[in-house]
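Everything below concerns the one structure shown next.
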Amino acid sequence: MIASLHYLPADKLVIGVFFKNSCQICVEFFEICLYIVEHRFKTVFVSKTIFELKYNSMNIKLKEDFLHYVWRFTKFNPRYLLTTDQQTIQIRNPGIWNHHAGPDFKNARIKINNTLWAGNVEIHIKASDWNRHKHETDPAYQNVILHVVYEADIEIRRDTGQPIPCLELKPFIDFRLLEKYDQLMRQDYWIPCGQQSKLVPDLIRKNWLDRLLVERLEGKTEQVHQIHQQTNQHWEATFFRILGRYFGGKVNNTVFELLVQSIPIKLVWKYSLKQAQLEALLFGVAGLLIQVKRPPDDYFKALQQSYKFMDSAHELNVLKPESWQFARMRPPNFPTIRIAQFAALVHKSPHLLAEVLQIRELKALKQLFTVEASTYWDTHYVFNKASDYRVKVLGKGTVHSLLINGVLPFLYYYGTQRADRVLMARVVNWLEQLPPEQNTIIQEWKSLDIIASSAYDTQALLQLKEQYCNKKKCLNCAIGNAILA
């Protein structure tokens with residue numbers, strides 16, 4: 001049984017309303033009763049509803065983002081709303097959610113009694129948070145037209161002494177929503193919604209993953225934008241650095257990017273005609289021609305001699321050799337092999353970006369990046385130590401990873417800057433054609449029966465896990481919203 005008792009002043013009336021089932025009809029009828037009582041007796045009374053009792057028993061720790069979600073999507077009955085001083089409220093427009101400094105929602109339109117107000121809305125768990133956040137001294141908050149709180153523990157006034165209209169949401173939020181929210185926030189599963197994610201309709205999940213793919217591309221293009229600014233908006237130099245970052249793999253990505261950043265693009269073009277000279281330049285600046293643990297072979301000595309001439313001519317900055325990681329890596333992924341393959345790619349296509357922009361088919365793009373290191377590396381993984389014969393071709397998985405993480409985000413950014421929607425659409429289409437990535441995160445999604453069929457899907461699922469599930473941003477997630485609905 002659900003009961004709610006409302007205690008009015010002694011000279012008024014005590015009303016008890018009882019319900020046997022917590023159905024929506026009962027809840028709405030209950031709210032109508034409250035509305036009639038408040039307008040009949042024109043007095044503030046203290047309500048102690050089952051919603052409050054239930055909330056207290058669950059010991060929920062609310063966060064402001066929950067109230068943002070409640071306000072933004074009107075997850076409460078908007079009828080019969082009253083301010084704490086008994087003025088009627090009609091929400092014409094809740095406003096635009098503000099992600100920056102200042103009030104939480106801007107350009108809201110709220111009718112209070114008979115006056116329509118346009119301005120900002122600020123949201124807090126408790127009304128006293130207004131003072132705790134020092135809003136009373138901030139001019140940006142003086143035009144707040146409504147203070148929305150979960151609990152109105154004190155009255156807040158403007159610097160003129162005029163009270164700021166306050167809406168206490170506590171009596172208007174269904175405890176079932178609070179309960180669902182609490183369950184999501186308390187879960188220790190790999191993702192907060194756990195097995196509940198299977199219950200979300202496929203259409204909602206598909207539309208959300210589409211949005212996440214674009215969001216991930218936009219996040220990566222922001223990194224491209226930063227590099228583009230650092231290179232004084234030189235497109236080929238930017239592309240060169242992006243390739244360097246992802247050629248290094250997860251372990252050596254930072255030092256590999258630093259390597260290509262340390263060499264002017266014009267110098268790369270100068271020595272790109274001869275592969276041995278290009279290797280000398282790259283290995284020399286990488287610092288890998290300095291230390292010799294074994295007797296040097298002829299190729300190593302030739303690269304040293306060639307780089308010595310380059311260094312005297314161009315005064316190059318050399319990286320520390322210990323920056324490169326070899327430990328616990330498969331030999332085909334050693335930085336020596338990757339640098340040699342990078343040299344082969346640039347030697348094959350000095351003006352690589354121009355070639356990439358001309359390509360229309362994914363097959364041709366993959367072929368362009370499928371390169372072999374020079375013949376010295378057929379029998380070596382490191383300098384001066386022979387190994388069994390094996391041609392060091394840039395593997396299919398590495399090519400796919402390079403395209404997914406480096407080349408395609410660059411092209412997407414290039415398309416945005418040139419207003420080339422055809423190129424942007426081509427990038428998305430290529431992601432749909434590339435096979436799904438294989439990593440622990442994608443395997444975990446598979447265990448939840450969420451199967452990726454392409455790189456398009458895996459990129460979206462990675463974005464979901466990293467930016468929403470890990471941060472428990474369920475309130476900003478379409479899947480979380482569907483579970484809470």
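The values are calculated or read from the model by the stated rules, or taken from the named source; none is laboratory data. In this text the structure is predicted, and so the values were computed from the model without any measurement. Here the Cβ is made from the backbone with ideal geometry for all residues, glycine too, and neighbour counts use every protein chain on show.
Could you list all residues from segment 448-475 that are surrounded by 15 or more Cβ atoms within 10 Å (Cβ to Cβ), of a type outside the set (A, V, I, L, M, F, W, C) and in a helix (DSSP H, G or I)? Give the steps one after another, and end with the answer.
Going residue by residue through segment 448-475, those that are surrounded by 15 or more Cβ atoms within 10 Å (Cβ to Cβ) are 448, 450, 452, 454-465, 467-469, 472, 474-475.
If we keep only those that are of a type outside the set (A, V, I, L, M, F, W, C) as well, we get 454, 456-459, 463, 465, 467-468, 472.
Matches in segment 448-475: Tyr456, Asp457, Thr458, Gln459, Gln463, Lys465, Gln467, Tyr468.
What about Pro165, is it in contact (Cβ under 8 Å) with a residue 60 or more places away in the chain, touching a helix residue (DSSP H, G or I) at 6+ places or on another chain (Cβ under 6 Å) and surrounded by 20 or more Cβ atoms within 10 Å (Cβ to Cβ)?
No, not satisfied.
Which one of Val393, Val422, Val356, Val382 is of a type in the set (Val, Ile, Thr) and closer than 23 Å to Gln226 by Cβ? Give the derivation first.
On the way: Val393 fails: closer than 23 Å to Gln226 by Cβ; Val422 fails: closer than 23 Å to Gln226 by Cβ; Val382 fails: closer than 23 Å to Gln226 by Cβ.
Just a single option satisfies the conditions, and that option is Val356.
Would you say Thr398 is surrounded by 18 or more Cβ atoms within 10 Å (Cβ to Cβ), at negative phi and either part of a helix (DSSP H, G or I) or of a type in the set (Asp, Glu) (or both)?
yes
How about segment 115-229: which strands (runs of 3 or more DSSP E) wholly inside it have at least 1 residues that are in the same structural domain as His99 (by TED's automatic domain parsing), of a type in the set (Gly, Ala, Ser) and within 22 Å of Arg72 (Cα to Cα)?
Because the criterion is at least 1 residues that are in the same structural domain as His99 (by TED's automatic domain parsing), of a type in the set (Gly, Ala, Ser) and within 22 Å of Arg72 (Cα to Cα), the strands (runs of 3 or more DSSP E) in segment 115-229 that meet it are 115-126.
Test Glu322 against the stated conditions and say whether it is of a type in the set (D, E, K, R), surrounded by 18 or more Cβ atoms within 10 Å (Cβ to Cβ) and within 21 Å of Lys385 (Cα to Cα). Give the derivation first.
On the way: of a type in the set (D, E, K, R): yes; surrounded by 18 or more Cβ atoms within 10 Å (Cβ to Cβ): no; within 21 Å of Lys385 (Cα to Cα): yes.
So Glu322 does not fit the description; no.
Select from segment 261-272 the residues that are assigned to a helix (DSSP H, G or I) and without any contact (Cβ under 8 Å) to a residue 40 or more places away in the chain and write down the one among them that is nearest to Ala237 (Cα to Cα).
For segment 261-272, the residue satisfying everything is Ile265.
Could you say which residue among Val224, Val200 is under 23 Å from Phe342 (Cβ atoms) and surrounded by 16 or more Cβ atoms within 10 Å (Cβ to Cβ)?
Step by step, each of Val224, Val200 is checked, and only Val224 is under 23 Å from Phe342 (Cβ atoms) and surrounded by 16 or more Cβ atoms within 10 Å (Cβ to Cβ).
Among the residues of segment 81-126, which ones are over 31 Å from the mean Cα position of the chain (by Cα) and small (Gly, Ala, Ser)?
Hit for segment 81-126 is Ala118, nothing else.
Are there any pairs, at least 6 apart or on different chains, whose C-beta atoms fall under 9 Å, with the first in segment 110-130 and touching a residue at least 24 places away in the same chain (Cβ under 8 Å) and the second among the aromatic types (Phe, Trp, Tyr) and not in a strand (DSSP E or B), and if so, which?
Asn120/Tyr141; Val121/Trp71; Glu122/Trp130; Glu122/Tyr141; Ile123/Trp71; His124/Trp130; Ile125/Phe66; Trp130/Tyr141
Could you tell me which residue of segment 416-447 is surrounded by the most Cβ atoms within 10 Å (Cβ to Cβ), considering only residues that are among the charged types (D, E, K, R) and in a loop (DSSP other than H, G, I, E, B)?
The extreme case among them is Glu437.
Could you identify the single residue in Asn59, Asn113, Asn98 that is over 20 Å from Pro163 (Cβ atoms), modelled with pLDDT of 90 or more, out of contact with any helix residue (DSSP H, G or I) (no Cβ under 8 Å at 6 or more places or on another chain) and of a type in the set (S, T, N, Q)?
Asn98
Within segment 273-285, is even one residue in a helix (DSSP H, G or I) and either in contact with a Gly (Cβ under 9 Å, 6 or more places away or on another chain) or of a type in the set (S, T, N, Q) (or both)?
Yes, because at least one residue in segment 273-285 is in a helix (DSSP H, G or I) and either in contact with a Gly (Cβ under 9 Å, 6 or more places away or on another chain) or of a type in the set (S, T, N, Q) (or both).
Residue under question is Glu122, and the condition is that it be closer than 30 Å to Ile483 by Cα, modelled with pLDDT of 95 or more and surrounded by 13 or more Cβ atoms within 10 Å (Cβ to Cβ); does it hold?
So Glu122 passes the test.
Out of all the residues in segment 229-246, is one or more of a type in the set (A, V, I, L, M), surrounded by fewer than 19 Cβ atoms within 10 Å (Cβ to Cβ) and closer than 30 Å to Gly415 by Cα?
Scanning segment 229-246 turns up no residue that is of a type in the set (A, V, I, L, M), surrounded by fewer than 19 Cβ atoms within 10 Å (Cβ to Cβ) and closer than 30 Å to Gly415 by Cα.
Where in segment 290-389 are there helices (runs of 4 or more DSSP H), lying wholly inside it, with at least 1 residues that are farther than 18 Å from Ala280 by Cα?
On the way: elements: 298-314, 335-348, 352-358, 362-369.
Helices (runs of 4 or more DSSP H) meeting the threshold: 352-358, 362-369.
State whether one or more residues within segment 441-451 are closer than 16 Å to Gly244 by Cα and touching a residue at least 60 places away in the same chain (Cβ under 8 Å).
Looking through segment 441-451, none of the residues is closer than 16 Å to Gly244 by Cα and touching a residue at least 60 places away in the same chain (Cβ under 8 Å).
In segment 176-187, is there at least one residue being basic (Lys, Arg) and more than 26 Å from Lys472 (Cβ to Cβ)?
Checked against the condition, which is being basic (Lys, Arg) and more than 26 Å from Lys472 (Cβ to Cβ), segment 176-187 yields no hits at all.
Which members of segment 301-322 meet the condition of being among the polar types (S, T, N, Q) and either outside the structural domain of Leu281 (by TED's automatic domain parsing) or modelled with pLDDT of 95 or more (or both)?
Matches in segment 301-322: Gln304, Gln305, Ser306.
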